[in-house]
Structures are given as C-alpha cells and as structure tokens.
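The values are calculated or read from the model by the stated rules, or taken from the named source; none is laboratory data. On a predicted model such as this, the values are computed, not experimentally measured, just so you know. A quick note on method: Cβ atoms are made from the backbone with ideal geometry, for glycine too, and the neighbour counts reach across all protein chains shown. Just so you know, the surface numbers come from the protein's heavy atoms only, side chains and all, with ligands and any DNA or RNA stripped out. Shrake-Rupley method; radii C 1.70, N 1.55, O 1.52, S 1.80 Å.
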Amino acid sequence: MDDFNQNFDIGLSLAARNQNILAAFDAVNHKAAGFVTGSFVDTSWGKAVLSSWREGGHLIENHTWSHTHANETTSFSYLADIDRNSEFLAAQGFASEYFRFPFLDDGKDRATQEALFAGLKFAGLLNAPVTFDTVDWYTSSRLEARLREDPNTDLTPYRDYYVNMCVRLANHWDNAAQALGYINLPHLTLMHHNILNGLFLKDVLLALKDDGWAFVDARDALSMKSYHDVPPEPTNGRNWLTLKRLESGLDLAPYPQKYSNFGRATMDALGL
Ligand SMILES: [Zn+2]
C-alpha cells in the first residue's frame with residue numbers, strides 16, 4: 001500500500017480510514033507493507049498512522065520523500081530524495097529494506113535506471129515491483145470527485161465496481177503469471193492509502209478470499225529474489241509481469257481495458 005496521502009476526508013475521517021484499512025488486513029490475517037512518502041506523513045497525525053502500522057505488525061518501507069518522477073529529475077537528486085526519506089523513517093524508528101518507485105518510474109533511459117538501481121543497492125534497499133495493479137488511484141479519484149459534489153452520495157455502486165474489478169484484475173494477472181510459468185507466484189498488489197480502501201478494502205479482501213485467493217505476508221512475498229533484479233528496460237509505469245512478458249517474447253492476453261484511462265469507459269457507463 002503506497003503513498004499514505006492524508007489529503008481527503010469527506011465522508012470518512014482520516015482516523016476511520018486508517019482504522020478500517022488495518023481492520024481489513026486483520027480480517028484476512030494479513031501483514032502488509034506500507035510504502036511511505038515522508039512528506040505526506042510528516043505531521044503528528046501521519047506519525048500516529050505509522051505507529052499504528054508498526055503495532056499491527058505491518059512493514060513500513062521507502063517511497064521517496066517527495067514522490068517525484070524519476071524521469072523528471074537527475075539520478076543524483078532522486079537518490080538524495082530517497083536518502084531523505086530513509087532519514088525521516090529512521091527518526092520514527094523504521095529501518096526500511098524495500099523501495100517502490102513512485103509511478104513505477106525508474107528513469108527515462110537505461111543509464112539512469114542502472115544508476116538508480118546502483119544507488120538503491122548502495123543505500124541497502126531492494127526494489128519492490130508490482131505484479132497486480134488495482135488501478136485504485138483512478139477509481140478513488142472518481143469517488144472523491146463525487147463526494148466533493150455530494151457528500152451523501154450512495155457509495156454502494158462504487159464498492160461493487162471496485163470489488164468486481166479487483167477480483168477480475170487479480171485473475172487477469174495470475175493468468176499472465178501462469179502463462180509465464182509461475183504456477184504459484186506470490187503477487188505484489190499495488191493499492192494506495194486512500195478513501196476508496198478506507199471504505200472498501202475489507203470487501204475486496206473478503207471477495208478475493210471467496211474467489212480462492214490466499215494472502216501471503218508482504219515480508220515473504222517481497223523476499224522473492226527475482227523481484228529485485230534490474231528490469232530489462234526502463235519500467236515506465238509497467239508491472240513486473242508485463243516486463244517479464246517482453247523478456248520471454250510470449251504473447252499474453254491484453255489488459256482488460258487500455259491501461260491509460262483504465263476504468264473510464266466502465267465507470268462512465270455505470271454513472272460513477
Ligand atoms: Zn506513489
């Protein structure tokens with residue numbers, strides 16, 4: 001779970017959001033990993049959220065201090081931003097082992113990507129890619145826009161859409177993994193600490209459980225060695241399975257909808 005942006009509280013307080021997210025993990029006995037952008041949580045409230053994750057047994061990991069695009073900055077300043085976040089997290093008592101690139105952007109070209117991975121290694125951090133992107137950031141942005149218009153809007157259709165899409169995407173990406181020969185891949189699911197998950201994460205996790213999924217603790221899933229290799233080319237927003245597919249030359253089923261603007265057509269049709 002990424003970012004920890006504490007910027008939206010219409011319809012659900014920040015305290016309730018965080019409590020609900022932690023309760024959702026507890027409901028399926030899952031220990032997650034939070035990839036934290038320090039500048040988003042450098043408040044007494046943000047630090048309390050981090051403490052609550054520690055008390056819940058979840059990991060706190062590095063997601064840069066300022067959530068910049070690697071392709072919009074120099075590798076020197078990008079690595080300094082990672083260091084700044086490590087120092088912030090260390091001051092809160094967290095020693096991170098893993099790093100996730102904001103926007104899954106690890107540099108505009110091969111040379112930058114290699115420099116950033118060398119910098120990560122020097123900093124004692126391992127890359128944490130994604131195999132299953134829920135596109136929750138887009139779904140949440142639509143929900144937030146609706147709540148700004150009408151704080152009393154009926155949220156049920158948003159829940160149904162999000163739950164259904166998560167189950168569908170999980171199976172899509174596991175089919176991709178199977179086609180690549182990964183029979184029992186410990187998926188790395190990308191979600192964000194946002195109102196959508198504050199409202200519906202428990203529904204999503206229980207629906208996945210009903211669909212036959214089991215939950216691997218983040219510590220175990222992240223430890224798979226091939227997740228930490230330098231990708232074959234700049235990641236440019238793509239997930240680990242998509243890059244593996246390029247390496248293998250296999251033709252896999254396309255994403256359920258065009259990734260750019262994923263969900264827009266369906267949400268438009270549903271009036272969400
Ligand atoms: Zn992020």
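Kindly indicate whether any position in the stretch 49-63 is β-branched (Val, Ile, Thr) and either away from the ligand (no atom under 16 Å from the Cβ) or more than 19 Å from the chain's Cα centre (by Cα) (or both). Give the derivation first.
Start the filter on the stretch 49-63 by keeping residues that are β-branched (Val, Ile, Thr), which leaves 49, 60.
When the remaining residues are screened for being either away from the ligand (no atom under 16 Å from the Cβ) or more than 19 Å from the chain's Cα centre (by Cα) (or both), the result is none.
So far as the stretch 49-63 goes, no, none of its residues is β-branched (Val, Ile, Thr) and either away from the ligand (no atom under 16 Å from the Cβ) or more than 19 Å from the chain's Cα centre (by Cα) (or both).
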**Asked** Hey, does the stretch 34-45 have a residue that's in contact (Cβ under 8 Å) with a residue 12 or more places away in the chain, within 15 Å of the ligand (Cβ to nearest atom), of a type in the set (A, V, I, L, M) and in a loop (DSSP other than H, G, I, E, B)?
**Response** yes
**Request:** Spot the failing condition for Asn85; the list is (1) within 16 Å of the ligand (Cβ to nearest atom); (2) open to solvent by less than 10 Å² (accessible area, probe 1.4 Å); (3) within 21 Å of Leu243 (Cα to Cα); (4) touching a Phe, Trp or Tyr at 6+ places or on another chain (Cβ under 6 Å), and only one is missed.
**Result:** (3)
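Any residue at all in the stretch 153-166 that is within 27 Å of Glu97 (Cβ to Cβ), at pLDDT 95 or above and among the hydrophobic types (A, V, I, L, M, F, W, C)? Walk me through it before giving the result.
If we filter the stretch 153-166 for residues that are within 27 Å of Glu97 (Cβ to Cβ), which is where we start, we get 166.
Imposing the further condition that a residue be at pLDDT 95 or above reduces the set to 166.
Among the residues that remain, those that are also among the hydrophobic types (A, V, I, L, M, F, W, C) are: 166.
Yes, because at least one residue in the stretch 153-166 is within 27 Å of Glu97 (Cβ to Cβ), at pLDDT 95 or above and among the hydrophobic types (A, V, I, L, M, F, W, C).
Gly198 - would you say it is outside any helix (DSSP H, G or I) and small (Gly, Ala, Ser)?
It is false that Gly198 is outside any helix (DSSP H, G or I) and small (Gly, Ala, Ser).
Tell me which residues, restricted to the stretch 24-33, are among the hydrophobic types (A, V, I, L, M, F, W, C), within 17 Å of the chain's Cα centre (by Cα) and more than 16 Å from the ligand (Cβ to nearest atom).
Ala24, Phe25
Can you pull out every residue in the stretch 136-161 that is within 30 Å of Asp229 (Cβ to Cβ) and surrounded by fewer than 20 Cβ atoms within 10 Å (Cβ to Cβ)? Give the steps one after another, and end with the answer.
Restricting attention to the stretch 136-161, the residues satisfying the condition of being within 30 Å of Asp229 (Cβ to Cβ) are 136-138.
The answer is Trp137, Tyr138.
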**Any pair with Cβ under 6 angstrom, 6 or more apart, that starts in the stretch 191-218 at a residue that is under 15 Å from Lys31 (Cβ atoms) and ends at one that is assigned to a helix (DSSP H, G or I)** = Met191/Asp136; Met191/Asn197; Leu201/Ile21; Leu201/Ala24; Leu205/Ala24
**Residues of the stretch 46-69 classified as open to solvent by 20 Å² or more (accessible area, probe 1.4 Å), more than 19 Å from Lys31 (Cβ to Cβ) and either touching a residue at least 12 places away in the same chain (Cβ under 8 Å) or assigned to a strand (DSSP E or B) (or both), total** = 6
**Message:** Would you confirm whether or not the stretch 8-15 contains a residue that is open to solvent by 10 Å² or more (accessible area, probe 1.4 Å), within 16 Å of the ligand (Cβ to nearest atom), free of Cβ contacts under 8 Å to residues at least 40 places away in the same chain and in contact with a helix residue (DSSP H, G or I) (Cβ under 7 Å, 6 or more places away or on another chain)?
**Reply:** no
**Request:** Taking Gln178 as meeting all but one of (1) in a loop (DSSP other than H, G, I, E, B); (2) among the polar types (S, T, N, Q); (3) open to solvent by 60 Å² or more (accessible area, probe 1.4 Å), write down the number of the exception.
**Result:** (1)
**Message:** I'd like to know if the stretch 188-204 contains one or more residues that are among the basic types (Lys, Arg) and surrounded by fewer than 17 Cβ atoms within 10 Å (Cβ to Cβ).
**Reply:** no
**Message:** Restricting to the stretch 95-115, give me the number of residues that are part of a helix (DSSP H, G or I), away from the ligand (no atom under 16 Å from the Cβ) and surrounded by fewer than 21 Cβ atoms within 10 Å (Cβ to Cβ).
**Reply:** 5
**Message:** Between a residue in the stretch 96-108 that is among the charged types (D, E, K, R) and any residue that is near the ligand (Cβ under 9 Å from one of its atoms), which pairs come within a Cβ distance under 6 Å, given they are 6 or more apart or on different chains?
**Reply:** Arg100/Phe35; Arg100/His63
**Prompt:** For the stretch 155-175, what are the residues that are farther than 19 Å from Leu143 by Cα and more than 19 Å from the chain's Cα centre (by Cα)?
**Reply:** Asn175
